[in-house]
1. With a cut-off of at most 15 other beta carbons within 10 Å, and DSSP calling the residue loop, which GluC sites (Glu not before Pro) in the stretch 1-70 qualify? Please list them.
2. Would you please give the FRET efficiency between residue 57 and residue 105, computed as 1/(1 + (r/R0)^6) with r the Cβ-Cβ distance and R0 = 35 Å, to the nearest 0.05?
3. Taking the Cα centre of the chain as the origin and placing charges on Cβ (Lys, Arg +1; Asp, Glu -1), which of 44, 95, 7 is farthest toward the positive end of the dipole?
4. So what's the back-of-envelope 222 nm ellipticity for the chain, counting only DSSP H runs of four-plus at -39500 (n - 2.57) apiece and dividing by all residues, rounded to 500?
5. If I compute Rg and Dmax of the Cα atoms in Å from the structure I just sent, which labelled value in (i) 14.6, 49; (ii) 15.5, 48; (iii) 20.9, 74 lines up?
6. What does the extension gain come out to for residue 64 and residue 10, with contour length at 0.36 nm per residue minus their alpha carbon separation?
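Nothing in this text is a laboratory measurement; each read-out follows from the coordinates by a stated rule. No experiment lies behind these values; they were computed from the predicted model shown. Every residue, glycine among them, receives a Cβ derived from its backbone with ideal geometry; neighbour counts consider all protein chains shown.
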Amino acid sequence: MDINKDLIAASSTPIVLAILAEGDSYGYAILKRVRELSGGRMAWTDGMLYPVLHRLERLGHVEARWEEAETGRRRKYYRITPGGRAQLAEERKQWQAVDATLREIWRALSLPLTASHLASAAPLPQGV
């Protein structure tokens, strides 16, 4: 199943902030964590992740620092800030509202149609 790019883009901020709330991380590890959490359904690319990280850094939601890895290679690590934690809490509330709305709609759609449902449905315009 391919997830719509608009949905991936819309969910990128809370996903990145939530991953960083688990602990400091670097780009490749964040990409792996997204793939792991989504069961492989969301395979982000560098080109998608780094603009999100840079925007969150500009907004003050994350901070970055360079560290040397065991291999001797330098890695840029990202850390969520207190402002980022507040933003994550707000994002969580918003996504919970969206989730609850969709669940309610889908629950209603899964109910069997009854005569009262059919009677309350608006009639189709003539000639359609």
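1. Within the stretch 1-70, the qualifying GluC sites (Glu not before Pro) (loop, at most 15 other Cβ atoms within 10 Å) are 70.
2. Once rounded, the FRET efficiency stands at 0.45.
3. Highest projection toward the positive end goes to 44.
4. Helix-only estimate at 222 nm: -20000 deg cm²/dmol.
5. Derived directly from the coordinates: (iii).
6. 17.2 nm
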